[in-house]
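Below: the structure, in structure tokens.
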Amino acid sequence: MIVRALAGSLVAATFSLAPLQCPRETDAAHCWDDAPGDGLWDLAQKFRDGHDDAAARRTLEYLVGRYPSSRFAPAARDQLASAIDAGARAP
């Protein structure tokens, strides 16, 4: 019985000395999303800006194939479809 009381006191003392997390507001400017789809989207846009359309297309295809639920997958599909449409209209 004494052992239980001592153990209970020890546990209570341990928790009372544990550091507490203070709630604070998160600044949106310091938050970022490092999801793989985000990085692939950024990479595809850099390829496109550098006029490397083949690399941009391959990167977008990889994004859609590997990360279909990424927040950028719909935009990647749209870019791939518009590139196909533009290619079909070219002489």
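In the list ALA88, ALA76, which residue meets the criterion of being modelled with pLDDT of 90 or more and on the phi < 0 side of the Ramachandran plot?
The unique qualifying residue is ALA76.
For residues that are farther than 19 Å from GLY37 by Cβ and either at pLDDT below 90 or loosely packed, with under 11 Cβ neighbours inside 10 Å (or both), tally how many sit in the range 48-73. Reasoning before the result, please.
Of the range 48-73, the ones farther than 19 Å from GLY37 by Cβ are 50-54.
Right, trim to either at pLDDT below 90 or loosely packed, with under 11 Cβ neighbours inside 10 Å (or both) and you get 50-51, 54.
Number satisfying all stated conditions: 3.
Report yes if some residue within the range 30-44 is surrounded by fewer than 10 Cβ atoms within 10 Å (Cβ to Cβ) and either at pLDDT 65 or above or aromatic (Phe, Trp, Tyr) (or both); otherwise report no.
Residues of the range 30-44 that are surrounded by fewer than 10 Cβ atoms within 10 Å (Cβ to Cβ), as a first pass: 30-34.
If we keep only those that are either at pLDDT 65 or above or aromatic (Phe, Trp, Tyr) (or both) too, we end up with 32, 34.
Among the residues of the range 30-44, at least one is surrounded by fewer than 10 Cβ atoms within 10 Å (Cβ to Cβ) and either at pLDDT 65 or above or aromatic (Phe, Trp, Tyr) (or both), which makes the answer yes.
The values are calculated or read from the model by the stated rules, or taken from the named source; none is laboratory data. Quick caveat, the model's predicted, so the values are computed rather than measured. Methodologically, a virtual Cβ is constructed for each residue, glycine included, from the backbone with ideal geometry; neighbour enumeration extends over all protein chains shown.
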